[in-house]
Amino acid sequence: MPDSMSMFRLMGLPDFQAGDDLAQKIIDTLTTQNQTLVAGDILVIAHKVVSKSEGACAYLEDITPSEEAIELAKTVNKDPRKVEVILSQSTRIVRAMKRPDQEEGVLIAEHKNGYICANAAVDESNADHPGQLILLPEDPDKSARLLCHKLEAHFGCDLGVVISDTFGRPWRLGQTNVAIGLANVPGVMHMLGELDAFGRPLSVTAPAFADELAAASGLLMEKSAKSPVIVFRGLSWPKTDSSSRDLIRAHNEDLFR
């Protein structure tokens, strides 16, 4: 790995609506600021601008909750219409609970793409108006590939794209960004057979490279700053045909299922 790298956030991007060309907006903003992308750059992009561009949103006024949603909403004191949307994005509810000190409880769900997260990643923050719920892109890996292909075609070099979202963690407080969509960037760097600093062979070391990028992007990706695109430069990484599913632990290896 190199001795140093740099990262910067792309400021000046507009608010996004369904049908907007996100890749072109990134190109235009870079051009306006006399910046470019170079070979090996990796862009970490907050999923909300991808979701908004693709129209991956729901609106509470359009939702009629099912009996299941109504009953579950009572358990966690959530709007049953929001719970209905969460159920529509989930394959199962892992845990539903509300502590006495909470106004609104927690729904931990397995998203239909395999991620375990709060509310199946259905979110109201940075929505354009009250009652709008932002969902994950239908196929985040496909979204990342399409963005990457257009950016590579314009800048004439190999690039990487990571689409990120903010997840909580079961054994630690706070949230961090994780990778939910990948293009070219490896999800996991398998180091089996390599040597550690003392010459001993590595047997299980496998850094989650894409998650490390996503987490680092959170240092500059302030929710209030409208900076959903972070560019990493100077890293050495192998271009791969990767998928965010490479980061999901297989069911038969899940000790807590």
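The values are calculated or read from the model by the stated rules, or taken from the named source; none is laboratory data. Note that this is a predicted model, so its numbers are computed, not measured. Heads up, the Cβs are rebuilt from the backbone with ideal geometry, glycines too, and the neighbour counts pull from every protein chain shown. We work out accessible area using only protein heavy atoms, side chains counted, and drop any ligands, DNA or RNA first. Shrake-Rupley method; radii C 1.70, N 1.55, O 1.52, S 1.80 Å.
Descriptive notes on the structure:
- LYS78 meets each of the listed conditions (1) surrounded by 17 or more Cβ atoms within 10 Å (Cβ to Cβ); (2) in contact with a Ser or Thr (Cβ under 8 Å, 6 or more places away or on another chain); (3) of a type in the set (Lys, Arg) apart from (2).
- Candidate set from segment 140-169 (those that are assigned to a loop (DSSP other than H, G, I, E, B) and in contact (Cβ under 8 Å) with a residue 12 or more places away in the chain); member that is nearest to GLY19 (Cα to Cα): LEU159
- Segment 1-20, subset of a type in the set (D, E, K, R) and in contact (Cβ under 8 Å) with a residue 40 or more places away in the chain, residue surrounded by the most Cβ atoms within 10 Å (Cβ to Cβ): ARG9
- Segment 37-62, subset over 30 Å from MET5 (Cα atoms) and in contact with a strand residue (DSSP E or B) (Cβ under 9 Å, 6 or more places away or on another chain), residue most open to solvent (accessible area, probe 1.4 Å): TYR59
- Subset of segment 73-97 [assigned to a loop (DSSP other than H, G, I, E, B) and either within 19 Å of ASN113 (Cβ to Cβ) or more than 26 Å from the chain's Cα centre (by Cα) (or both)]: ASN77, GLN89
- Output for segment 217-257, where each listed residue is β-branched (Val, Ile, Thr) and in a loop (DSSP other than H, G, I, E, B): THR240, ILE248
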